[in-house]
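Comments concern the structure below.
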């Protein structure tokens with residue numbers, strides 16, 4: 001009997017199949033779910049932020065269109081705009097009834113400044129009700145009003161109405 005070479009009976013090496021990318025491991029599924037949840041949360045937060053501050057954008061547009069012909073009329077329009085903005089920010093608070101020093105104190109507190117009770121915007125105290133207004137700096141008044149519209153926080157000063 002002829003001797004056979006045992007090496008000739010061996011088969012070639014079989015390589016395993018390539019690792020498939022699909023379906024991913026459970027850890028990747030979890031990471032995907034977390035990323036989708038985070039993105040959904042960010043989108044919802046961003047959308048709500050835009051919705052909550054839409055009244056500010058509208059108020060700034062209205063501020064730019066106020067007519068500056070008569071100082072008394074201008075002060076009345078500005079006072080009305082500030083009150084409408086404050087009510088739009090927090091309709092559950094009793095803001096419509098504020099007037100005089102209380103109104104200016106409210107604007108100061110919610111705007112975190114003293115521009116209304118001590119600054120150029122002090123003209124809102126008596127100006128809308130006076131027959132004539134002198135020494136009115138409309139540019140400074142618009143600047144203060146714009147700053148208040150952009151930065152006010154009604155929760156800082158208003159008390160809920162019952």
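The values are calculated or read from the model by the stated rules, or taken from the named source; none is laboratory data. Because the structure is predicted, anything quoted here is derived from the model rather than measured. Virtual Cβ from ideal backbone geometry, glycine too; neighbours counted across all protein chains shown.
For region 53-74, the tally of residues that are at pLDDT 90 or above, in a helix (DSSP H, G or I) and either surrounded by 13 or more Cβ atoms within 10 Å (Cβ to Cβ) or under 19 Å from the mean Cα position of the chain (by Cα) (or both) stands at 10.
In the set (1) closer than 16 Å to residue 155 by Cα; (2) touching a residue at least 60 places away in the same chain (Cβ under 8 Å), residue 105 fails one condition alone, (2). Filter region 128-153 down to residues that are part of a helix (DSSP H, G or I) and at pLDDT below 80 and give me whichever is surrounded by the fewest Cβ atoms within 10 Å (Cβ to Cβ). Once the filter is applied, the top-ranked residue is 129. Go through region 52-64 and report how many residues are out of contact with any helix residue (DSSP H, G or I) (no Cβ under 7 Å at 6 or more places or on another chain) and within 16 Å of residue 143 (Cβ to Cβ). Going through region 52-64 one residue at a time, the tally reaches 1.
Do we have any residue at all in region 27-41 that's out of contact with any strand residue (DSSP E or B) (no Cβ under 6 Å at 6 or more places or on another chain), at negative phi and either modelled with pLDDT under 90 or loosely packed, with under 10 Cβ neighbours inside 10 Å (or both)? Looking for residues that are out of contact with any strand residue (DSSP E or B) (no Cβ under 6 Å at 6 or more places or on another chain), at negative phi and either modelled with pLDDT under 90 or loosely packed, with under 10 Cβ neighbours inside 10 Å (or both), one finds at least one in region 27-41, hence yes. One residue stands out in region 84-102 among those that are without any contact (Cβ under 8 Å) to a residue 60 or more places away in the chain and over 19 Å from the mean Cα position of the chain (by Cα): the one that is surrounded by the fewest Cβ atoms within 10 Å (Cβ to Cβ), namely 97. Filtering region 75-97 to residues that are within 17 Å of residue 155 (Cβ to Cβ) and at pLDDT below 90 leaves 89, 90, 91, 92, 93, 94, 95.
Give region 112-127 a look and list any residue that's within 23 Å of residue 154 (Cα to Cα) and modelled with pLDDT under 80, or say none. Within region 112-127, just 120 meets the criteria.
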